[in-house]
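Here is the structure we will look at, set down as structure tokens.
The values are calculated or read from the model by the stated rules, or taken from the named source; none is laboratory data. Because the structure is a prediction, the values reported are computed rather than measured. A quick note on method: Cβ atoms are made from the backbone with ideal geometry, for glycine too, and the neighbour counts reach across all protein chains shown. Side chains are part of the model used for accessible areas, which takes the heavy atoms of the whole protein and leaves out ligands, DNA and RNA. Shrake-Rupley method; radii C 1.70, N 1.55, O 1.52, S 1.80 Å.
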Amino acid sequence: MARLTGIRSETVPATQPDAILRGLAAAGRLAPIVLLALAWEALAASGTVTPFQLPRFSAVLTRIWTDAIADDLALNTALTLYRALVGFGIAAVAGILIGVGMSRYGVVRWLLDPIVSVGFPMPKIAFLPVMMLWLGVYDLSKIAMVVLDAIFPVITGTIAGIAGVDRQLLWSARNIGATEREVLWQIVLPAASPQIMTGLQVALPIALIVAVVAEMLMGGYGLGGAMVQASRFADSRGVFAGIVEIAVVGYVLVKAMALVRRRLLIWHQEAEAPSTL
Amino acid sequence: MGGRVEEHNPGNSGSQIVIEGVNHLYRPPKGRPLLALENVSLEVRPREFLALLGPSGCGKSTLLYLIGGFLPTERGSILLDGASISGPGPDRGIVFQHFALFPWKTVRGNVLYGLKKMGLGRDEREKRAQAFIDLVGLTGFEDSYPSQLSGGMKQRTAIARTLAIDPKILLMDEPFGALDAQTRHLMQSELLGIWRRSPKTVIFVTHDVQEAVHLADRVAVMTARPGRIKTIVNIGLDKGDPGITKSKAFIDTVDAIWGLVREEAIKAQGARVSS
Amino acid sequence: MSVLLRHLPLVLMAIAWEMATRMGLVSQLALPPLSQVVLAWIEMLKSGELVANGTSSLWRAGAGLGLAIAVGAALGLAMAWWRPVNAALGPLVEMLYPVPKSALIPVTVLWLGFGDGSKILLIFLGCMLPVTLGTFNGARGSDYALVWSARSLGANRLSVLWDVVLPSALPEMLNAIRTALALAFILLVSAELIVAREGLGYLIGYLGANGTYDAMFAVVLTVAFLGFAADRAYQALMQRLLIWRD
């Protein structure tokens, strides 16, 4: 290999059978996780930090396992997911409706525009105590908080998607005699769906985070509540277990969303895929 | 025909740059490696204007980048004044087709860059920068950003920037390719004017035969990939003559060289369709 | 004039708020009239409560964000420039990126207690990765012709990093910092609501627990406005820094 003089030289990829390559790639993706786990275990066992500051990875795993057996894990996870997903669902439907409304009716646009643009960069989590005041400390206030936070990216995604619809597409459709409703459902929304989908993909992790934070503040059951409880009892294993659990849930949700996107937008991807020539 | 074909004669002791037996393998991120240059040998004389001419993909830019030290010479050797090339440096200035100006710097900022690297004092730098900005005709635009300039103005800035550090060799990679036809002709005349005032070795890559014949002392015609030097033509025309491009000698030269290039262009097309 | 017209709905909302509460359409307990909220706000300003807690909050957010930007950008640049660094850290960054940052609230408290330290650490950890990713992507997109031009103008490899790669990365990096800024506020408020003894988030919780809802609303609006104002101010800064773009 020649000495580099400021430019990285290209490497020749190996030509191997497809299946082996894919297997290696999957293993490659797991490698950093495995390495991280090993490093965690090593660091914790080395004695440079106290078991309180960094419990061993194996201890945390054991803790997750015991929680799972005791059904606590399932309960907490289910509750948090319930709040996050219900909130997300409402935010999705309402957000798309509002986005469509704002795109179509100038008055609605004028009315809601400042609210959306001012509200977007606000830390809406500051309204959590207000929600508690109005809606109590059970599911309703948590779900409401999730909706408040998650709705914004859906609205902006919908507006952007609709704004980007090819005008000629609309004209052709109307020319053929499609009604406004048909145009909306069969042309506008499908054409806008990539960006709407992106908005939803941004909103989902937000929904999870807000649900967790709301639980942390209000206590009770749920992954957030359990974590805050653990920290009050200086139960560091419980706290780390919580981080791992939430991380896994978050990861699963994001991957699921990506899968949904691929399925729903398969036509979009093919339109974007390079030709095989 | 107004030009004379000369034989390769490596080992000519008057040369500034000696390229010998250079091969270059291009390794794309996906797919198999390609031989871009095969056994290229060439000599460049001091202060001559040499054009590298050939069809797309013949490796002329690659050869330029090797001389510039941006790509490592893996097989063969490139010597500048007897010493081997080991990386880019201010002795070989380069001008790119798409200007490569630092978009976050003004015209003055761009021209000052190389001067700062040279370690010149502040007053000296400012004076020199202004001199070269004036030389390329951009007086008054010192504080403009590249995004505010036209293509021709951007290229003038790029040329000023490179000339300001007074490199031994000027490498130009199809510098007028991104400009419209009128600007291109204008820039060609201006480049000639600048070059004649302060002669430097120029290695000029182009696929435009007319441009090559107009500007160069010698034209090295390259083959289709893998590129090698097909022929070197001596252009014995008077570049100072403003009507030269209409003279019979000029037209005949262009014609003859175009014949050489066309063969290679056809080969290059054929290769593309079948690969 | 058009600015006024654009923000008119907000003014209308404010008027509606005042009227609805005064007329008894909405319980004054749940939603104190706007005028009362404003008065409470002025009170807290005069008493120094607002300023003291505000400074505490802003200091934490600023410090955490500053660290996140410095370390995150350096990391992103290093990953873009040196292959081994990218190979080692890239998968790690990708893996840790989607972890919900607020899950770190309890652990930072575990480590550093209820004071400034835990908030600064939280914001640092939470905001670093977006900056790293943005800087990395921006740096990767550097035009090789710019790098080569710099080299042939006499820059050595390290200079190129500072002179070419970093400025090339600037647009994407600045965008990522904008996201990090919003995230910093969110993490700050969340942490202060849950585990703090001072700060604006704490103040909100305290006032709410005490039943002084007009003051609570005042602080909530203050926080919301600070987040909004910070974003707008940052946008203006971005425009100035990127003035060279078309």
(request) Hey, could you check the stretch C:207-221 for residues that are part of a helix (DSSP H, G or I) and surrounded by fewer than 20 Cβ atoms within 10 Å (Cβ to Cβ) and say which is farthest from the other protein chains (Cβ to nearest Cβ)? (result) C:Asn210
(message) Quick check on my filter: what residues within the stretch B:89-137 are open to solvent by 20 Å² or more (accessible area, probe 1.4 Å), within 26 Å of B:Leu64 (Cβ to Cβ) and in a loop (DSSP other than H, G, I, E, B)?
(response) B:Pro90, B:Asp91, B:Gln97, B:His98, B:Phe99, B:Pro103, B:Lys105, B:Gly137
(request) Please indicate, with yes or no, whether at least one residue in the stretch A:183-201 is within 14 Å of chain C (Cβ to nearest Cβ), more than 20 Å from C:Phe225 (Cα to Cα) and either open to solvent by less than 10 Å² (accessible area, probe 1.4 Å) or in contact with a helix residue (DSSP H, G or I) (Cβ under 7 Å, 6 or more places away or on another chain) (or both). (result) yes
(message) Can you tell me which condition B:Arg47 does not meet? The list is (1) open to solvent by 20 Å² or more (accessible area, probe 1.4 Å); (2) within 14 Å of chain C (Cβ to nearest Cβ), and all the others hold.
(response) (2)
(request) Can you work out which of the residues in the stretch C:78-87 that are over 13 Å from C:Gly138 (Cα atoms) and within 11 Å of chain A (Cβ to nearest Cβ) is surrounded by the fewest Cβ atoms within 10 Å (Cβ to Cβ)? (result) C:Ala87
(request) Select from the stretch B:14-29 the residues that are assigned to a loop (DSSP other than H, G, I, E, B) and modelled with pLDDT of 85 or more and write down the one among them that is surrounded by the most Cβ atoms within 10 Å (Cβ to Cβ). (result) B:Gln16
(request) Give A:Leu97, A:Leu43, A:Leu30 a once-over and let me know the one that is modelled with pLDDT of 80 or more, open to solvent by 80 Å² or more (accessible area, probe 1.4 Å), part of a helix (DSSP H, G or I) and not assigned by TED's automatic domain parsing to the domain that holds A:Val165. (result) A:Leu43
(request) Might you let me know whether the stretch B:68-79 holds any residue that is within 16 Å of C:Arg151 (Cβ to Cβ), in a helix (DSSP H, G or I) and in contact (Cβ under 8 Å) with a residue 60 or more places away in the chain? (result) yes
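Let's see how each residue does on (1) modelled with pLDDT under 90; (2) among the basic types (Lys, Arg); (3) closer than 26 Å to A:Val130 by Cα:
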| residue | (1), (2), (3) |
| --- | --- |
| A:Ile206 | no, no, yes |
| A:Met216 | no, no, yes |
| A:Leu223 | no, no, yes |
| A:Ser231 | yes, no, yes |
| A:Ala234 | yes, no, no |
| A:Val239 | no, no, no |
(request) Please work out if C:Ser2 is polar (S, T, N, Q) and within 12 Å of another protein chain (Cβ to nearest Cβ). (result) yes
(request) Kindly indicate the residue of the stretch B:56-88 that is touching a Leu at 6+ places or on another chain (Cβ under 7 Å), more than 14 Å from chain C (Cβ to nearest Cβ) and among the aliphatic types (A, V, I, L, M) and also nearest to B:Ala224 (Cα to Cα) among those meeting that condition. (result) B:Leu63
(request) Being out of contact with any strand residue (DSSP E or B) (no Cβ under 9 Å at 6 or more places or on another chain) and not in a helix (DSSP H, G or I) is the filter here, so list the residues in the stretch B:139-187 that pass it. (result) B:Thr139, B:Gly140, B:Phe141, B:Glu142, B:Asp143, B:Ser144, B:Tyr145, B:Leu149, B:Ser150, B:Ala178, B:Leu179, B:Asp180
(request) State whether one or more residues within the stretch A:132-144 are within 12 Å of chain C (Cβ to nearest Cβ), crowded, with 17+ Cβ neighbours inside 10 Å, under 27 Å from A:Leu189 (Cα atoms) and within 20 Å of the chain's Cα centre (by Cα). (result) no
(request) State yes or no: is C:Ala196 under 15 Å from the mean Cα position of the chain (by Cα), in contact (Cβ under 8 Å) with a residue 60 or more places away in the chain and more than 13 Å from chain B (Cβ to nearest Cβ)? (result) no
(message) Given (1) over 18 Å from the mean Cα position of the chain (by Cα); (2) more than 8 Å from every other protein chain (Cβ to nearest Cβ); (3) within 30 Å of A:Val118 (Cα to Cα); (4) not hydroxyl-bearing (Ser, Thr, Tyr), identify the lone condition not met by C:Asn156.
(response) (3)
(request) Give me a count of the residues in the stretch C:147-156 that are open to solvent by 10 Å² or more (accessible area, probe 1.4 Å) and either among the aromatic types (Phe, Trp, Tyr) or outside any loop (DSSP other than H, G, I, E, B) (or both). (result) 3
(request) Among residues belonging to the stretch A:47-72 that are open to solvent by less than 50 Å² (accessible area, probe 1.4 Å) and β-branched (Val, Ile, Thr), point out the one that is nearest to the chain's Cα centre (by Cα). (result) A:Ile64
(message) I'm trying to understand the selection: among the residues of the stretch B:178-187, which are touching a residue at least 24 places away in the same chain (Cβ under 8 Å), open to solvent by 20 Å² or more (accessible area, probe 1.4 Å) and of a type outside the set (Asp, Glu)?
(response) B:Ala178, B:Thr183, B:Arg184, B:Leu186
(request) Could you grab me the full set of residues in the stretch C:53-77 that are open to solvent by 20 Å² or more (accessible area, probe 1.4 Å) and more than 30 Å from C:Ala215 (Cβ to Cβ)? (result) C:Gly66, C:Leu67, C:Ile69, C:Ala70, C:Val71, C:Ala74, C:Leu75, C:Leu77
(request) Enumerate the pairs (first residue in the stretch C:103-125 and facing chain A (nearest Cβ under 10 Å) and surrounded by fewer than 24 Cβ atoms within 10 Å (Cβ to Cβ); second residue anywhere and among the aromatic types (Phe, Trp, Tyr) and part of a helix (DSSP H, G or I)) with beta-carbon separation below 7 Å, excluding pairs fewer than 6 apart on the same chain, so at least 6 apart or on different chains. (result) C:Val107/A:Phe240
(request) Report the residue count in the stretch B:188-228 for those that are in a loop (DSSP other than H, G, I, E, B), touching a residue at least 40 places away in the same chain (Cβ under 8 Å) and of a type in the set (Ser, Thr, Tyr). (result) 1
(message) For the stretch A:46-70, which positions are more than 24 Å from C:Leu89 (Cα to Cα), free of Cβ contacts under 8 Å to residues at least 24 places away in the same chain and not in a helix (DSSP H, G or I)?
(response) A:Gly47, A:Thr50, A:Ala70
